[in-house]
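Since the structure comes first, as structure tokens, the remarks are kept for the end.
The values are calculated or read from the model by the stated rules, or taken from the named source; none is laboratory data. Bear in mind the structure is a predicted one, so any value in this text is a computation, not a measurement. Using ideal geometry, Cβ is built from the backbone for each residue, glycine included, and neighbour counts are taken over all protein chains shown.
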Amino acid sequence: MTAAFHEPLFPDIDGVWFQLEVDDPSAGAPYGQYHREGDLVWAEFYAGGTLRSGRLVGNLRADGSFDAAYCLISLTGELISGECHSVPEFDAQGNITITDHFRRSDGTTGTSQIRQIPAPVGGVSGDSAQSRAGARRSAAQGGGRGSEWGSPCLVLQRRDVPAERRAARAEFPDTPQGGMR
């Protein structure tokens, strides 16, 4: 039995889109959407700048901050992973910002900030380059400051499961995730 989790008295990030604040907005910046269910927080990161995709999962604390682990992949194939302590707050306009205090697996540490943005026009579903590019253009209308790889807390595009993964799931139906480990 799990303990009851009370609704937050702090910014609720569930369903909210964010974009990393970068020095040069014209270069593009990673963006994504956060989710929350009780004390579980997760995010999927979308391409922007040199980010190809990423994921985050963590636990919400009673004060509204959360601790999470993340994994990213760059356009060049570099894998980046680590942990972060993230603090959501309201800015003067009532939008949510999240300050991320991160520590990568390679020992690099730092702080970055992501800012609430409007949901991308037309969403980000599907696997077409056109839909990804449209979503990136929409999200890139923001701006700001920070280091592109500073924040691990952004979002990744959902895609249909490839045929080979569907086949693997059918092959191992009794294992967790249908054979996907």
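Counting only residues that are at pLDDT 90 or above and hydrophobic (A, V, I, L, M, F, W, C), which one in region 1-37 is surrounded by the fewest Cβ atoms within 10 Å (Cβ to Cβ)? So the residue we want is Val16. Scanning region 62-81 for residues that are exposed (fewer than 11 other Cβ atoms within 10 Å of the Cβ) and either in a strand (DSSP E or B) or in contact with a Lys or Arg (Cβ under 7 Å, 6 or more places away or on another chain) (or both) yields one hit, Leu79. Please tell me if Asp100 is under 18 Å from Pro11 (Cα atoms) and modelled with pLDDT of 95 or more. The answer is yes for Asp100. Residues in region 38-67 that are farther than 17 Å from Pro11 by Cα and either at pLDDT 95 or above or not aromatic (Phe, Trp, Tyr) (or both): Glu44, Ala47, Gly48, Gly49, Thr50, Leu51, Arg52, Ser53, Gly54, Arg55, Leu56, Val57.
The criterion of being of a type in the set (Gly, Ala, Ser), free of Cβ contacts under 8 Å to residues at least 60 places away in the same chain and not in a strand (DSSP E or B) does not hold for Gly110.
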